[in-house]
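Here's the structure, in structure tokens; my notes come after.
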Amino acid sequence: GSTLTQTELNDSLKTKIDLFYDDVIAGLRSTPKRLNSKYFYDANGDKLFQELMNSPEYYPTNCELEIFSEKTAEIANAIIADGDAFDLIELGAGDAMKSTYLLKYLLSKNADFTYLPIDISENVISYLNITLPVTLPGLQITGLNGEYFHMLTKAASISSRRKVVLFLGSNIGNMPINDAIEFCRELRKHLSQGDMALIGMDLKKDPKVVLAAYNDKAGITKKFNLNLLTRINRELNANFDITKFDHYPTYDPETGACKSYLISTVDQQVTINGKETFTFLKDEYIYMEISQKFTVTQTDQIATNAGFTPVGQFFDSKKWFIDAIWVA
Ligand code: AVI
């Protein structure tokens, strides 16, 4: 098995709340101000994201569900490979709705595998550990709560079987492209030759369709962004007035970057934990999230750049989304 790196060791000595606090302070001290969208997912954020996935404008989930429900056998056959035992590891499993199609099919084919969902949200992992063995009898599951690479290291220390890593939902798009490539290189380092990755990526399309998905009429995306301020208030003892921030989503069809900002509607100050005070000018923004959209060519480039060979591509009928299979 692998051992922890120095950074992983240092981080593991800090509590989750310390890491959250450090990240928020660093982000709000920087120019321009920013917050990391990975913190969107507390219990309320999970709920809002679920709502968002059911909203008429948010298409990525439906596209990927179509791929997993219509192309289950093809995807399964591609990852079963030689029929040897393997670990099916899912990064950012969420409600595992898409992977459930695959898990069900693999079980019906008596494939020898263990499902290891990894998620930053404790709620998600305890939910999956409890519900999946009921909905999928016979499923071997070990949920891992924590940061992706810490948990991948842990997964490798538990088992040395071939690994198939799922990274769905265009979660990869929540990083700027260079970070995404760096992320895939890091992923490659945690894998051995012959291991696989199945990566879901949202593709470039009509800019109006993209922007609408991040600017839903019901205002769930706005609540989803503002919820991070509420989380900071509650967990880090801050006093954001969320009525004084507005949600501003953008999409640049040239770069494929869909970004969201919270805009301060007045001059104001916010204090965190009674000691760190931040000044927001009227119209100043906090950069909240990127949801990168890709061309198919770009998805291949990311794979090869990170040391993978792209071997399979699955699309929905509109070709709005891709699930690509890469071999390490
Ligand atoms: C989880 N992630 C891929 C979603 C996305 O589309 O970037 C999160 C999200 N943000 C706003 N709407 C949905």
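Shown in residue order for region 239-254 are the 3J(HN,Hα) couplings computed by the Karplus curve 6.51 cos²θ - 1.76 cosθ + 1.60 at θ = phi - 60°: 10, 4, 9, 5, 6, 10, 10, 10, 8, 9, x, 9, 9, 9, x, 6 Hz (x for Gly and Pro). By the equivalent-ellipsoid construction on the alpha carbon gyration tensor, the chain comes out with semi-axes of 34, 23, 18 Å, ordered largest to smallest.
Which number do you get for Rg(Cα) / (2.2 N^0.38 Å) in region 1-137? Each step should come with its number before you reach the end.
Working: Rg = 18.4 Å, N = 137, 2.2 N^0.38 = 14.3 Å.
Taking the Cα Rg and dividing by 2.2 N^0.38 Å, one obtains 1.29.
The residues of region 273-328 have, on average, 44 Å² of accessible surface per residue, using a 1.4 Å probe with all protein chains present. Here the chain carries DSSP beta bridges of which approximately 60% are antiparallel, counting only pairs with both residues inside. Estimated from helical segments only, the mean residue ellipticity of the chain at 222 nm is -13000 deg cm²/dmol, where each DSSP H run of four or more residues counts as -39500 (n - 2.57).
Restriction of the trypsin sites (Lys or Arg not before Pro) in region 184-235 to DSSP coil positions whose beta-carbon has at most 13 other beta-carbons within 10 angstrom yields 217. Phi-derived couplings, Karplus 6.51 cos²θ - 1.76 cosθ + 1.60 at θ = phi - 60°, listed residue by residue for region 61-67: 4, 4, 4, 6, 4, 4, 4 Hz, with x used for Gly and Pro. Between the helical axis of 122-135 and the longest alpha-carbon principal axis of the chain there is an angle of about 30 degrees.
If the label point is 7 Å along Cα→Cβ of residue 14, which residues in region 139-166 have backbone nitrogen under 17 Å from it? The answer is 146-151, whose backbone nitrogens lie closer than 17 Å to the label point.
Over all pairs of different C-alpha atoms, region 239-328 has a mean inverse distance whose reciprocal, the Kirkwood radius, equals 16.4 Å. Here each label is just a point 7 Å from Cα along the line to Cβ, and for residue 296 and residue 6 those points are 4.5 nm apart. Expressed as a whole percent, the accessible surface of the chain that belongs to carbon and sulfur atoms is 51, based on a 1.4 Å probe. In the context of the full set of protein chains, residues of region 53-135 present 42 Å² of accessible surface per residue (probe radius 1.4 Å, heavy atoms only).
The values are calculated or read from the model by the stated rules, or taken from the named source; none is laboratory data. These figures come from a predicted structure and were not determined experimentally. A quick note on method: Cβ atoms are made from the backbone with ideal geometry, for glycine too, and the neighbour counts reach across all protein chains shown. Side chains are part of the model used for accessible areas, which takes the heavy atoms of the whole protein and leaves out ligands, DNA and RNA. Shrake-Rupley method; radii C 1.70, N 1.55, O 1.52, S 1.80 Å.
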